[in-house]
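FYI, it's all coordinate maths here, none of it is from the lab. As the structure is a prediction and not an experimental result, all values here were calculated from the model. Note that each Cβ is placed from the backbone with ideal geometry, even for glycine, and that neighbours are counted across all protein chains shown.
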There are 2 protein chains.
Amino acid sequence: MRQHHNIPARRGVACTVSRGQFVKLISTHGEQAVDTWAYNASDVSEFMSMEATRTTIQKMRPGVGDVLYTNNRHAILTMVEDTSPGTHDTLIAACDNYRYGLLGCTEYHDNCSDNLAAAMKALGHTITHTPCPLNMFENIPWTLEGDILFEAPESKPGDYVVFRAETDLIIAFSACPQDLMAIHGVDPIPKSADFEVYD
Amino acid sequence: MRQHHNIPARRGVACTVSRGQFVKLISTHGEQAVDTWAYNASDVSEFMSMEATRTTIQKMRPGVGDVLYTNNRHAILTMVEDTSPGTHDTLIAACDNYRYGLLGCTEYHDNCSDNLAAAMKALGHTITHTPCPLNMFENIPWTLEGDILFEAPESKPGDYVVFRAETDLIIAFSACPQDLMAIHGVDPIPKSADFEVYD
């Protein structure tokens, strides 16, 4: 069975995935960052951790074949396919209303952190904080001197990444509503994305 | 008034610091990593965030003059002095018992995550998770290709770093008990460190 889900522009969606199932995240329009989280389905205090993943795989970003780990060092997802150039990010915090305040917004701005909380709430879970996301299709290069840059995504329309679930989990995505920085390429308007879950 | 605190080898210590005070962390023996956290003293759900800091300062590691930010994007510490070569780390998770299990331990191993929890508990706070620490004197280089390396610290005995508190906060340190990887230089035995708090 193949379930299809749309991630509306500027919004978040979460759903349960069984161990062994696959999750295919599709960059429907290209050049759209999608913040990604995963939680242990039976205990959401265990979550996919960028710092635990970096420590174990000794890489700044995961690639095909790499396992993503939780804060308890358990395998939660494996990246099994990626048709994009692979420029995903593990360094940058999910955007939140505070961030948009620093960028000059004086009114509420949609943000990935609230999108995560709302998506988890829809499944009955109240989360205590926003883990650092796996920022899919977000192009954040670094230099040897330690500078971090924000650049346009390299993903083309239709590019996709497939993950295998290593445990029963909740996957959560947010189609990033960032429209004040050039992280979404030449067209800064945030767009939707899609994902599928299948055996 | 100047308070002196010892961080025993393999253990953690936390204490409150008032806005405007200084915290001087001393690498007493050199080559000893010290995991560092900070919390808003009036609400420990607000904590120093490596991902929020990297996003705001656009650097992989803070240097003198850089501000460290919380998950709510508020300034919490500023690094005002550093006599070491500055090779601190924001990428690597605090060690925990799970990590030592992956490294082959079959029995409990002292770890920074439990040290943080115990140090916060001693001040009456139960924390919900271990934020990614600021790993002081921990030498974790990266390559342009995205590989992450674990190398010996560059700190010499007596090197120190001074932070200014930007809000009333709790500072927590753990003298890292890692003795299975070469992150503590030629002598792998974990050692103590010291810190001072003063106006």
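Brief remarks follow.
- GNM flexibility winner over chain B from B:Arg11, B:Arg19, B:Arg61 (Cα, springs under 10 Å): B:Arg19
- Short-range pairs are left out: with C-alpha atoms under 8 Å and at least six residues apart, the relative contact order of chain B is 45 percent.
- The alpha-carbon of A:Lys24 sits under 18 angstrom from the alpha-carbons of these lysines, leaving out residues fewer than 8 places away in its chain: A:Lys156, A:Lys191.
- Rounded if a/c under 1.5, otherwise prolate or oblate - region B:64-153, Cα gyration tensor axes: oblate
- Helix-only CD estimate at 222 nm, as mean residue ellipticity for chain A, using -39500 (n - 2.57) per DSSP H run (n ≥ 4): -3500 deg cm²/dmol
- For region A:110-125, Karplus couplings with θ = phi - 60° (6.51, -1.76, 1.60), whole Hz, Gly/Pro x: 3, 8, 5, 5, 5, 4, 4, 4, 5, 5, 6, 4, 4, 9, x, 10
- Relative contact order (%) - criterion: Cα under 8 Å, at least six apart; region: region B:85-155: 41
- Where labels lie 7 Å past Cα in the beta-carbon direction, separation of A:Ser18 and B:Arg19 in nm: 5.4
- Across B:Lys156, B:Lys59, B:Lys24, mean-square fluctuation computed from a Gaussian network of chain B (C-alpha pairs under 10 Å connected) peaks at B:Lys59.
- Cα gyration tensor category, rounded, prolate or oblate, for chain B with a/c compared to 1.5: rounded
- Placed amide H near B:Asp82: partners under 5 Å, 5+ positions off or other chain: B:Val162
- Sites B:Glu107 and A:His74 - FRET efficiency at Förster radius 22 Å, r taken between beta-carbons, to 0.05: 0.65
- Cβ nearest the rotation axis (A onto B), residue from chain A and distance to the nearest whole Å: A:Thr128, 2
- Of B:Met120, B:Met136, B:Met60, the one that fluctuates the most in a GNM where chain B has Cα springs shorter than 10 Å: B:Met60
- Taking A:Thr28, B:Thr126 and counting other C-beta atoms within 10 Å, the order from fewest to most: B:Thr126, A:Thr28
- Loop sites by DSSP among the chymotrypsin sites (Phe, Trp or Tyr not before Pro) of chain A, restricted to those with at most 16 other Cβ atoms within 10 angstrom, leave A:1-107 as the longest stretch without any of them.
- The residues B:Leu91, B:Leu149, when put in order of fewest to most other Cβ atoms within 10 Å, stand as B:Leu149, B:Leu91.
- For region B:164-180, Karplus couplings with θ = phi - 60° (6.51, -1.76, 1.60), whole Hz, Gly/Pro x: 9, 7, 9, 7, 5, 9, 10, 9, 10, 10, 9, 6, 4, x, 5, 10, 10
- With R₀ fixed at 41 Å, the C-beta to C-beta distance from B:Thr126 to A:Val64 puts the FRET efficiency at about 0.55.
- In a DSSP loop and with at most 14 other Cβ atoms within 10 Å, the GluC sites (Glu not before Pro) in region B:113-199 are B:Glu145.
- For A:Thr167, the residues 5 or more places off, or on other chains, whose built amide H falls under 5 Å of its own are A:Gly20.
- Region B:76-117: C-alpha gyration tensor shape, a/c 1.5 cut-off, then a/b vs b/c: prolate
- Relative contact order (%) - criterion: Cα under 8 Å, at least six apart; region: region A:23-77: 27
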